[in-house]
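The values are calculated or read from the model by the stated rules, or taken from the named source; none is laboratory data. Predicted, not measured: the structure shown is a model, and the values here were computed from it. We place every Cβ from the backbone using ideal geometry, glycine too, and count neighbours over all the protein chains shown.
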Amino acid sequence: MTVVRSVVLGCGAYLPERVLTNAELAAKVDTSDEWIVQRTGIRERHIAAEGEYTSHLATKAAEAALANAGVDAQSIDLIVLATSTPDHTFPATATQVQAALGIHHGVAFDLQAVCSGFVFAVATADNFLRAGSAKRALVIGAETFSRILDWNDRGTCVLFGDGAGAIVLEAQTGWGTSADRGVLTTHLRSDGAHKHKLYVDGGPSTTQTTGHLRMEGREVFKHAVGMITGVIVDAFNASGTSADNVDWFVPHQANKRIIDASAQKLHIAPQKVVMTVDRHGNTSAASIPLALATAVADGRIQKGHLVLLEAMGGGFTWGAALLRW
Ligand code: UT7
């Protein structure tokens, strides 16, 4: 029996020009390059310029993804943009990307699941495409976390950065087996009981300010590996695949130690793990498509490869997606 599959046509990414190194941070707060590298694997992050907004980063990533896919912006009828750092409280940043791309048809909206945003956006777009509500989608993760950091809090300011990444998904016909190209399965979870462990202490309804990111890092770390691996096992079971079948593991890039521990627990070999956290830190919803774009550009991810995505973040939210490139 044939089914509709959301097939990746291309991907792209964008990082702002300005690079902020660990050494520069060590001159501002009580930290060191050694601590940051040892505890997180991060060496540098990119910071958006004054007047450079999330929509600008998202538009550049979207343009790169469209070029990589070889399709025209006018063929896009759905834009799902994952972000926790929108340009404005409203309208949705996705609509500003839509306008910048010159698209006046279809629908564009934002999705908010913090660091899990890209996996949630892939799942959402996949459901729209499989339901026949759209034919070709741009799925974007874009963030300017530098704007919500407390630059005096060494426990958080060294971890995050700005960036954007995007993929183009198209509804195509598949056979309903795990050999199909496209999104094979997605699994999303959330549990709001963990709010206080990772949140922003402001917002339109509470303080009428944007607020700053607050995190109990150790607490988040404690939950991360179990939640990530649990939802990945669900994805394997639902698709009839296993860790052995995975060609590339492209996790949310928050911390090298979390990524290594998750891969080890799942018995995924280190050489199958795409790791870019050293170059851009935790860019929240942008980190997975940034890593994807890197591994596609350097030739690692090829058509037909089985790619495993996962993320975990504020809420808590967490999720996994398995797709054949
Ligand atoms: O995107 C999803 C959401 N976020 C995450 O996935 C982040 C999850 N958490 C983590 O990645 C880690 O917990 C951190 C990288 C945030 C921290 O690593 P850790 O090994 O859990 O360190 P810790 O919080 O237990 O702190 C160890 C020590 C503390 O000092 P004492 O109490 O042992 O004297 C901290 O005060 O390191 C200190 N510390 C720092 N030292 C130098 C905390 N931040 C820094 C810093 N530089 N930037």
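Scanning for something within 14 Å of the ligand (Cβ to nearest atom), touching a His at 6+ places or on another chain (Cβ under 9 Å) and outside the structural domain of residue 254 (by TED's automatic domain parsing), does region 48-57 turn up at least one residue? Taking every residue of region 48-57 in turn, none turns out to be within 14 Å of the ligand (Cβ to nearest atom), touching a His at 6+ places or on another chain (Cβ under 9 Å) and outside the structural domain of residue 254 (by TED's automatic domain parsing). No other residue among 171, 166, 108 is under 13 Å from the mean Cα position of the chain (by Cα), modelled with pLDDT of 95 or more and assigned to a strand (DSSP E or B) apart from 166.
The rows are residues; the columns are (1) in contact with a Phe, Trp or Tyr (Cβ under 7 Å, 6 or more places away or on another chain); (2) under 26 Å from residue 190 (Cβ atoms).
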{"residue": "292", "(1), (2)": "no, yes"}
{"residue": "304", "(1), (2)": "yes, no"}
{"residue": "320", "(1), (2)": "no, yes"}
{"residue": "324", "(1), (2)": "no, no"}
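Against the list (1) closer than 30 Å to residue 184 by Cα; (2) part of a loop (DSSP other than H, G, I, E, B), the condition residue 13 fails is (2).
Filter region 5-31 for residues that are of a type in the set (Lys, Arg) and within 16 Å of the ligand (Cβ to nearest atom) and give the result.
Of everything in region 5-31, just one residue is of a type in the set (Lys, Arg) and within 16 Å of the ligand (Cβ to nearest atom), namely 28.
Go through the residues of region 79-87 one by one and say whether even a single one is modelled with pLDDT of 95 or more and over 30 Å from residue 202 (Cβ atoms). Looking through region 79-87, none of the residues is modelled with pLDDT of 95 or more and over 30 Å from residue 202 (Cβ atoms).
For region 291-316, a residue qualifies if it is among the acidic types (Asp, Glu) and within 18 Å of residue 261 (Cα to Cα), and exactly one does: 310.
Taken over region 168-196, the residue count meeting the criterion of being surrounded by 18 or more Cβ atoms within 10 Å (Cβ to Cβ) and within 14 Å of the ligand (Cβ to nearest atom) is 1.
If the condition is being surrounded by fewer than 17 Cβ atoms within 10 Å (Cβ to Cβ), within 23 Å of residue 290 (Cβ to Cβ) and either within 16 Å of the ligand (Cβ to nearest atom) or among the β-branched types (Val, Ile, Thr) (or both), then region 113-156 contributes only 151. For region 256-272, the set of residues classified as surrounded by fewer than 22 Cβ atoms within 10 Å (Cβ to Cβ) and out of contact with any strand residue (DSSP E or B) (no Cβ under 6 Å at 6 or more places or on another chain) consists of 256, 257, 258, 260, 261, 264, 265, 266, 267, 269, 270, 271, listed by residue number. Taking every residue in region 195-215 that is farther than 18 Å from residue 154 by Cα and touching a residue at least 40 places away in the same chain (Cβ under 8 Å) and pairing it with any residue that is away from the ligand (no atom under 16 Å from the Cβ) and assigned to a loop (DSSP other than H, G, I, E, B), at least 6 positions away or on another chain, the pairs with Cβ-Cβ distances below 7 Å are 204/89; 210/202.
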